[in-house]
Amino acid sequence: MLTGLYPHNHGELKNDTNHPFDRETYLDLLAAGGYRNYYFGKWHAGPGTAFDHHCEGFSYPSYNNPYTKPEYKDYLKRNNLPEPEIFVERSFWGATDRQGNPRKMQAGKKYRQEDRWSNEHGSGILLTPKETHEAFFLASLARDRLRDLARNPGRPFAMRVDFWGPHQPYFVTREFADLYDPESIPEYPSFCDDLSGKPDIYRTEGNVPLNENGKLIVPNPLPWPEWQKVLARAYAHGTMVDAAGGLILEALENLGLADNTLVIWTTDHGDALACHGGHFDKRSYMPEEMIRIPMALRWPGEAPSGRLSNALVGNFDVPPTLLAAAGLAFSERIDGASLLPLARGARTEWRSAIAVETHGHAEEHLGRAFIGQRYKYIANRGQMDELYDLALDPYEMNNRIGAAECAALAAEMRQRLDAWRQESGDRSGDLS
């Protein structure tokens, strides 16, 4: 969400590929256009930090862990807050790490987030005040800066806040946990998917006790009532991060900045939690649960509130949208497009299909999804392809790739996918 490009064009193909930034970023262009940039939160977007792109704020290399940083420790002291402590209800990690060292995070025990990365595979209760959560810490930094900007208006500003959540770990205070009754969560429609008719990539799983030799155990070894508890914490975590983000919106209102500020609320990816046989986290498969994301825009006076759109958009549309709001644009060809015409309700030509790509996650894999308003085609290198009717089969339980009555549709979708690859410069290799 920096360049407006598909991964095959910007080069950051996997976590920490660290491909050099050899294309324009919207942050650099905003700075050149007179904007003062602020960035608070997780970077995880390539080499260096946000500071290398004319930003001020809070940014460390790679994924990292905010709870170990001096700025967070100072925040606790200023606000008379204790070190965060969690009661772990479930861990999806084994008892030891890859080097054979005992894991500090164990179910049924208290835990402090002191590892290199804040991405523990687990759920539980945050025993300390909600303000000790990273999302509230980042919201506090953002609000402090907004107050400074309101007191000392000058150059226009752009601010980005990248929370670590609602990505796991799902550690939530009792206030938010009590909003979701685990027993009220119905079984997810694809939880009992036996993965027949699916490519092998759906069987990749590394969490405990869900896998055997890196493959998902089907049927799932955890009964649904155990998943209900995890999902309740995951839902509560999303609500908790929403609450922290709401504090920033509240500050914009109270400081008189809201009417002249475009706000975009989105994320980088979805999640496979409990879907297609019962996964935790994500891998290299591309069901809707993983690739669908929230996307909300607010710009009083410019974009009417309450408008809904079923246009096919992606987070690579965010950078050109931000530049367009500032009266700027990329000088190079990009893959994304400004969302402002859609937000304003203007009649505009828009894409009839969108592509999603994977270059592998914890395993080597190359795949492309091509999605129209109804049908979805996925090409997987070395494995069977996939074809779904999202209108009749929204949870993608029935792969129609081999159905005789769908042969013409499959051929058309594959032809369109191949044409998109050619047009977008996707030369990542053969997908057969």
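Among the residues of the range 55-87, those that are of a type in the set (A, V, I, L, M, F, W, C) and either closer than 18 Å to residue 132 by Cβ or out of contact with any Leu (no Cβ under 9 Å at 6 or more places or on another chain) (or both) comprise 58, 76, 81, 86, 87.
Summed over the range 46-73, the residues that are surrounded by fewer than 21 Cβ atoms within 10 Å (Cβ to Cβ) and either within 18 Å of the chain's Cα centre (by Cα) or part of a loop (DSSP other than H, G, I, E, B) (or both) give a count of 11. When the range 249-260 is filtered for residues that are surrounded by fewer than 19 Cβ atoms within 10 Å (Cβ to Cβ) and at negative phi, the ones remaining, listed by number, are 249, 250, 253, 254, 255, 257, 258, 259, 260. Of all residues in the range 338-397, exactly one satisfies the criterion of being of a type in the set (Asp, Glu) and under 14 Å from residue 312 (Cβ atoms), namely 349. So in the range 96-132, with the set limited to residues that are of a type in the set (S, T, N, Q) and without any contact (Cβ under 8 Å) to a residue 12 or more places away in the chain, which one is surrounded by the fewest Cβ atoms within 10 Å (Cβ to Cβ)? Out of the qualifying residues, it is 99. Just checking, does the range 18-39 include any residue being out of contact with any strand residue (DSSP E or B) (no Cβ under 7 Å at 6 or more places or on another chain) and closer than 22 Å to residue 116 by Cα? Among the residues of the range 18-39, at least one is out of contact with any strand residue (DSSP E or B) (no Cβ under 7 Å at 6 or more places or on another chain) and closer than 22 Å to residue 116 by Cα, which makes the answer yes.
Within the range 22-36, residues that are within 11 Å of residue 326 (Cα to Cα) reach partners that are assigned to a loop (DSSP other than H, G, I, E, B) and of a type in the set (Phe, Trp, Tyr) with beta carbons closer than 9 Å, at six or more positions or on different chains, in the pairs 26/330; 29/35; 29/330.
Considering only residues in the range 399-432 that are of a type in the set (S, T, N, Q) and touching a Leu at 6+ places or on another chain (Cβ under 8 Å), the one that is surrounded by the fewest Cβ atoms within 10 Å (Cβ to Cβ) turns out to be 428.
Condition (residue is over 30 Å from residue 281 (Cα atoms) and free of Cβ contacts under 8 Å to residues at least 40 places away in the same chain) applied to the range 393-402: is it met by at least one residue? Taking every residue of the range 393-402 in turn, none turns out to be over 30 Å from residue 281 (Cα atoms) and free of Cβ contacts under 8 Å to residues at least 40 places away in the same chain. Scoring residue 77 on the criteria (1) assigned to a loop (DSSP other than H, G, I, E, B); (2) exposed (fewer than 15 other Cβ atoms within 10 Å of the Cβ) leaves a single failure, condition (1). Any chance the range 157-177 includes a residue that's of a type in the set (Asp, Glu), in contact with a Gly (Cβ under 8 Å, 6 or more places away or on another chain) and either surrounded by fewer than 21 Cβ atoms within 10 Å (Cβ to Cβ) or not assigned by the TED database to the domain that holds residue 205 (or both)? Within the range 157-177, one or more residues are of a type in the set (Asp, Glu), in contact with a Gly (Cβ under 8 Å, 6 or more places away or on another chain) and either surrounded by fewer than 21 Cβ atoms within 10 Å (Cβ to Cβ) or not assigned by the TED database to the domain that holds residue 205 (or both). Tell me whether the range 324-333 contains one or more residues that are at positive phi and either in contact with a Phe, Trp or Tyr (Cβ under 7 Å, 6 or more places away or on another chain) or touching a residue at least 24 places away in the same chain (Cβ under 8 Å) (or both). Looking for residues that are at positive phi and either in contact with a Phe, Trp or Tyr (Cβ under 7 Å, 6 or more places away or on another chain) or touching a residue at least 24 places away in the same chain (Cβ under 8 Å) (or both), one finds at least one in the range 324-333, hence yes. Hey, any hits in the range 109-118 for a residue that's in a strand (DSSP E or B), in the same structural domain as residue 207 (by the TED database), at pLDDT 95 or above and not aromatic (Phe, Trp, Tyr)? For the range 109-118, residues in a strand (DSSP E or B), in the same structural domain as residue 207 (by the TED database), at pLDDT 95 or above and not aromatic (Phe, Trp, Tyr): present. In the set (1) at pLDDT 95 or above; (2) within 30 Å of residue 17 (Cβ to Cβ); (3) surrounded by fewer than 19 Cβ atoms within 10 Å (Cβ to Cβ), residue 396 fails one condition alone, (3).
Total residues in the range 374-385 satisfying the condition of being over 16 Å from residue 422 (Cα atoms) and touching a Leu at 6+ places or on another chain (Cβ under 7 Å): the figure is 5.
Per the conditions (1) in contact with a helix residue (DSSP H, G or I) (Cβ under 6 Å, 6 or more places away or on another chain); (2) surrounded by fewer than 20 Cβ atoms within 10 Å (Cβ to Cβ); (3) polar (S, T, N, Q), the sole criterion not satisfied by residue 25 is (2).
The values are calculated or read from the model by the stated rules, or taken from the named source; none is laboratory data. Quick caveat, the model's predicted, so the values are computed rather than measured. Cβ: placed from backbone, ideal geometry, glycine included. Neighbour counts: every protein chain shown.
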